[in-house]
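Novice: I'd like to ask some things about the structure below.
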Amino acid sequence: MMRILFFILALTGLIFAQDGIKDNERCKVRFDNGVVLRNVEAAVSSQKMATGLSQREDISDGMIFVFPEEDFLYFWMKDTLVDISIGFFDKEMTLLQVIDMSANTLDIHKSNKKAKYALELKKGSFEKLSIKAGDKIESLRCKNKWRKH
C-alpha cells in the first residue's frame, strides 16, 4: 500500500529500524486475551511502510508497522487487493481503535489518537479474535527479541 506517511517519514529522514525490529522480520504477537499471531510481517522503514500489503492476494497473518514515536497515523488502500482491518496501538501497546478499510480505495484513514504501532489484518479479524479497544499486546517477538509491556 502506498502510504502518505511514506512522504512524511522521507522528509524527516526517519527511515531506520524501530525498537530493534527490522523490515520483513516475522513476528509473534501475543495479546493479553491469549490470542497469538505467529507470523506477522514487520514494517519499520518508510519504503516498507509505503508498500505495506499492496499487490498481495494473501496477507497471511498481516503486518505490524512500528513507528519511531507516537503520532497521528494515516493509511490508505491504493493498490491493495483485499479488505483490511487496521488496529492502532499506543506506546504501551494498548489498542486504541480498529478501522475497516476497503481494497483499492484512496480514502484516508487516520488514527483517532496518537499511536506508535499499527497492525493490519484481514478485514474482520480483530472482531473474530475478540480483540477490542483497551486490549494490549502483551509481547512482540521478532527474531528472538522480546518486547514486553
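Novice: Mind listing P(r) for the stretch 24-138? All alpha-carbon pairs, 10 Å bins, whole percents.
Specialist: Here the calculated profile for the stretch 24-138 is 15, 53, 32, 1.
Novice: OK, next. Could you pull the Rg and Dmax for the stretch 53-101, using just the Cα atoms, both in Å?
Specialist: That works out to 11.7, 32 Å for Rg and Dmax.
Novice: Which whole number in µm²/s is D for the stretch 102-143 by Stokes-Einstein, with the Kirkwood Rh taken over Cα pairs at 37 °C and 0.692 mPa s? List each step's numbers first, then the result.
Specialist: Values: Rh = 13.0 Å.
The calculation lands on 253 µm²/s.
Novice: Suppose the chain between residue 100 and residue 24 were pulled fully straight at 0.36 nm per residue; how much longer would it get relative to their current alpha carbon spacing? Let's see the in-between values first.
Specialist: Details: separation 76, 0.36 × 76 = 27.36 nm, distance 2.36 nm.
Value of the extension gain: 25.0 nm.
Novice: While we're on this one: Contour minus end-to-end for residue 108 and residue 57, with contour as 0.36 nm per residue of separation and end-to-end as the Cα-Cα distance? Can you show the working numbers first?
Specialist: Values: separation 51, 0.36 × 51 = 18.36 nm, distance 2.13 nm.
Stretched out fully, the residue 108 to residue 57 stretch lengthens by 16.2 nm.
Novice: Arrange the following residues from fewest to most other Cβ atoms within 10 Å of their Cβ: 41, 120, 69.
Specialist: Fewest-to-most ranking of 41, 120, 69: 69, 41, 120.
Only the coordinates and a few stated rules stand behind these numbers; no lab work does. Computed from a predicted structure; not experimentally measured. Cβ: placed from backbone, ideal geometry, glycine included. Neighbour counts: every protein chain shown.
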